[in-house]
Amino acid sequence: MRFKKVAVDTPTAKDDDLFRSRLDGQIDLKHSLIKLGERMDWAALDDALAPTLPQAGGGRPALPVRLMAGLIYLKHANNLSDEDTCWRWLENPYWQYFTGEVYFQTRLPCDPSSLTRWRQRLGEAGMEELLAQTIATARVMKAVTARDLDRVIIDSTVQEKAIAFPTDSRLLEIGRRKLVLVSQREGMSLRQTYEREGASLSRQAGRYAHARQFKRMRSAIKRQRTILGRLIRDIERKLSTVSEAGQATLRVWLERATRLMTQKVKDKNKLYALHAPEVECISKGKARNPYEFGVKVGLAVTAKQGLIVGARSFPGNPYDGDTLAEQIEQAGILSGRQPKVAIVDLGYRGRTVEGTEILHRGKAKRLTRRQWGWIKRRQAIEPIIGHVKDDCGMRRNRLKGADGDAIHAVACAAGYNLRWLLRWITAFLAVFYALWLSRNGSDTAEIEGLKPNPGWALA
């Protein structure tokens, strides 16, 4: 279902506006989200994103950059889906004012699919501009200084993909179903689909594994491999009967199904999801979750305040130390200042970066007392990673492909920074209110309007 929004500059919208009051006359202008929207340089963001957007021409006018960028910020700051973001915007006047609306709107800002197209259009570089804008806003508000950007903490985590836990029986059955579906869609007549037997074998393998009857489980999986191989050979024999476009599509799925059928337990570059071949199996040494399926993501945060200044995905599960130079380079580009000190764990040991001092506890004999103090500060990034995952949506990535991994990681970091700025504004107003209260007395009516609202930070 698609929804349409009446543009503000249309004659209908102007006529309606004559009978409506402005948003700034209905809302609390001391709200932290309003203060943040006033401090952000939307014009600079518009100029930065202009190369990635389509040029003006014929057809429907493009949606405002502030509207779409604001929706992406709010989506990840509140860990919402595209649909929920649009509906929440519809009922929240503070969100509407933050995205540049002057009057309260009673229709959805855009179709939820527009956010998908915007993400694809912006790419990783465009998302990095959104992240850079939050860092620039923090500097404008004096929440961080240039000196604070000189020292960063770097660590890596896993951004899991939205896939089911991969088991041999499940993957083989999914491969069989997909081949049958694609071949029938192309008009191919198969000798046999093994619909009933395939589903039955998948259930049996799961039951045998639960009962620890591994010999029977391996027998069921072996039969599944036989069925999948027969289906692959049947499709390959009849491949010439379909169109060239259909052949190209079938070859993609045949290649993936062949990988599923032939891969062994100890193989490298295994396929863990038929629809997401980029997924890697990553082990971070967690007791409750020894294996995670997704992509490795590196985060760089300021050592003192905890503002994210870098976020990048690294496909292929590289060694942490091999990602260090790229993370420091990205932090320098986004913040406008290359870090002088990078505090890391032993996973980055053995790597150096020109112009940046690398601190880790493996250099214990050569560290000063002050350096040891900063190394103890390294663990401050761990709760930040947890908040980015739970509060901003990095726990599970639903975007497609390796590009989706890169876009989602940076967008989640931008959402976290938005929450960080809102908390900072609320804390600043609280301190300012307390100082004013101490000077003027608790009964002064003039300062009641300055009293911070605990709910301001998350609107």
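Please treat every number below as a calculation from the coordinates, not as lab data. None of the values given here were measured: they were computed from a predicted structure. Here Cβ is always computed from backbone atoms with ideal geometry, including for glycine, and neighbour counts include all displayed protein chains.
What the table below lists for this structure:
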read-out: FRET efficiency, 1/(1 + (r/R0)^6) with R0 35 Å, evaluated for R107 and V140 via beta carbons; value: 0.60
read-out: Antiparallel DSSP beta bridges within the chain, percent to nearest 5; value: 75 percent
read-out: Three-way shape call for the chain based on the alpha-carbon gyration tensor, with the a/c threshold at 1.5; value: oblate
read-out: Difference of contour (0.36 nm per residue) and Cα-Cα distance, H210 to T249; value: 10.4 nm
read-out: Positive-end residue, the chain charge dipole about Cα centroid, Cβ charges, pick of Q305, Q338, T226; value: T226
read-out: Förster-model FRET efficiency, 41 Å R0, R117 and A43, C-beta, rounded to 0.05; value: 0.95
read-out: Förster radius 56 Å - calculated FRET efficiency between R225 and R377 (Cβ-Cβ, nearest 0.05); value: 0.60
read-out: Computed lengthening from K400 to N79, 0.36 nm per intervening residue step minus Cα-Cα distance; value: 113.8 nm
read-out: Difference of contour (0.36 nm per residue) and Cα-Cα distance, A50 to F165; value: 37.3 nm
read-out: Binned Cα-Cα distance frequencies in the range 168-262 - 10 Å width, integer %; value: 17, 47, 25, 9, 2
read-out: Cα shape, the range 186-328, gyration tensor, a/c 1.5 rule; value: oblate
read-out: Cα centroid separation - the range 149-205 against the range 221-236, whole Å; value: 15 Å
read-out: The range 168-262, dipole about Cα centre (Lys/Arg Cβ +1, Asp/Glu Cβ -1), debye to the nearest 20; value: 600 debye
read-out: Theoretical ellipticity at 222 nm over the chain - DSSP helices of four or more residues, -39500 (n - 2.57) apiece, nearest 500; value: -16500 deg cm²/dmol
read-out: Partnerless Cys - the chain, beta-carbon criterion under 4.7 Å; value: C86, C110, C281
read-out: Using θ = phi - 60° and Karplus 6.51 cos²θ - 1.76 cosθ + 1.60, couplings along the range 387-399 (whole Hz; Gly, Pro as x); value: 5, 4, 6, 7, 8, 10, x, 6, 4, 8, 9, 10, 7
read-out: Nearest 10 degrees, 0 to 90: helix 324-335 Cα axis against the chain principal axis; value: 40 degrees
read-out: Distance in nm between pseudo-label sites at E91 and N289 (7 Å out along the Cβ direction from Cα); value: 3.0 nm
